[in-house]
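Before any comments, here is the structure.
The values are calculated or read from the model by the stated rules, or taken from the named source; none is laboratory data. All values derive from a computational prediction rather than experimental measurement. Note that we place each Cβ from the backbone using ideal geometry, even for glycine, and neighbour counts take in every protein chain shown.
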Amino acid sequence: MRAGLPFLLLLPLAACKGDDTDDTTDWECDATHDAWERCTDEDAVEWCHGDMDPPHFHEGTDCADLGYECTEYGEGLAACVDTSTSCDEGEAWCEDNTAYFCVDGSVAVEPCSSVQTCHAHDDEAHCEDDVAFDPQQACDILADGPFEDKDVTPTFSSVFHEDYHADLATAVSVDLPDQAVSYIHFPVTHDSEYVVFLDTAGVLQAILDNEQNDQGASSGGPNGKCKADLVDHWHAELHNHTGSTVPFVLEFAAVDEQPVTLIVMDKGAE
């Protein structure tokens, strides 16, 4: 369902993809197809982020991982369908923060992310954002602050020291070392989607947990509200069930020595 699609959202965790044209569709991802959905060859839903420069796809629910089939059931609409479970047209309900609705006589399933809530009304059920997120916030921070100068470290085991800490919603400036992978951490207090905006493309290569596991994020291109200033963004849904703050880590590639400014935003913050 298109309703409630977030600015950068993964369901359950999104990653940006190139603007490939699937053989089963006759449309391309552009401004006229913003928020349209389709099925990939890997049996997953993806949706078009067409108002970005350049336009690109974000992955939605992985139907194959859930044991369902990705089905395109209308213009710009796709869903994971459980063909083994029948339903009557018009049925729609929410259960365990998952939207269920009927597509061609079979139950379609849309799990909501940690920053969404399932809503059912009339003959529709869909996920809606809990908090409206405007990428203009990052543009404003870059222009007006707050600002911090921080250090990165080439050693993962030392990244959790306070010297290598980036505050959220802050323009953090770092100097990357010459041709060496480097790290800085940021705080995560609850399950949410986090977005990293950068003023330099091609320098961030991963978001990691504190055991160095890749969280599956990837680049999504410029911030459309200030694309000349924040030329890249990454996003990932991060999980913390500890009840206290847990550090997650930004991993920078081995590039030429250079300054970089980054802003980490919590999409679920009030």
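Please find, within the range 233-270, the residue that is surrounded by the most Cβ atoms within 10 Å (Cβ to Cβ) out of those that are among the polar types (S, T, N, Q) and not in a strand (DSSP E or B). Break it down stepwise before answering.
Residues of the range 233-270 among the polar types (S, T, N, Q): 240, 242, 244-245, 258, 261.
Going one step further and asking which of them are not in a strand (DSSP E or B), we end up with 240, 242, 244-245.
On the way: Asn240: 17, Thr242: 10, Ser244: 7, Thr245: 11.
Once the filter is applied, the top-ranked residue is Asn240.
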Of the residues in the range 1-31, those that are modelled with pLDDT of 90 or more and within 23 Å of Asp129 (Cβ to Cβ) come to Cys29
Of the candidates Cys102, Cys87, the one satisfying the condition of being in contact with an Asp or Glu (Cβ under 8 Å, 6 or more places away or on another chain) and not charged (D, E, K, R) is Cys102
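Given the condition polar (S, T, N, Q) and part of a helix (DSSP H, G or I), answer yes or no: does some residue in the range 105-112 qualify? Explain how you work it out, then say what you get.
Just the residues of the range 105-112 that are polar (S, T, N, Q), to begin with: 106.
Narrowing the set further to residues that are part of a helix (DSSP H, G or I) leaves none.
Among the residues of the range 105-112, not one is polar (S, T, N, Q) and part of a helix (DSSP H, G or I), which makes the answer no.
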Reported set for the range 220-232 where residues are free of Cβ contacts under 8 Å to residues at least 40 places away in the same chain and either in contact with a helix residue (DSSP H, G or I) (Cβ under 7 Å, 6 or more places away or on another chain) or loosely packed, with under 15 Cβ neighbours inside 10 Å (or both) is Ala228
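Quick one: which residue in Val103, Val107, Val81, Val172 is farther than 21 Å from Gly60 by Cβ and buried (at least 17 other Cβ atoms within 10 Å of the Cβ)?
On the way: Val103 fails: farther than 21 Å from Gly60 by Cβ; Val107 fails: farther than 21 Å from Gly60 by Cβ; Val81 fails: farther than 21 Å from Gly60 by Cβ.
That would be Val172, the only listed residue that is farther than 21 Å from Gly60 by Cβ and buried (at least 17 other Cβ atoms within 10 Å of the Cβ).
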Listed by first then second residue, the pairs whose first member lies in the range 133-161 and is at positive phi, whose partner is among the hydroxyl-bearing types (Ser, Thr, Tyr) and not in a strand (DSSP E or B), with beta carbons under 8 Å and at least 6 positions apart or on separate chains, are Gly145/Thr170
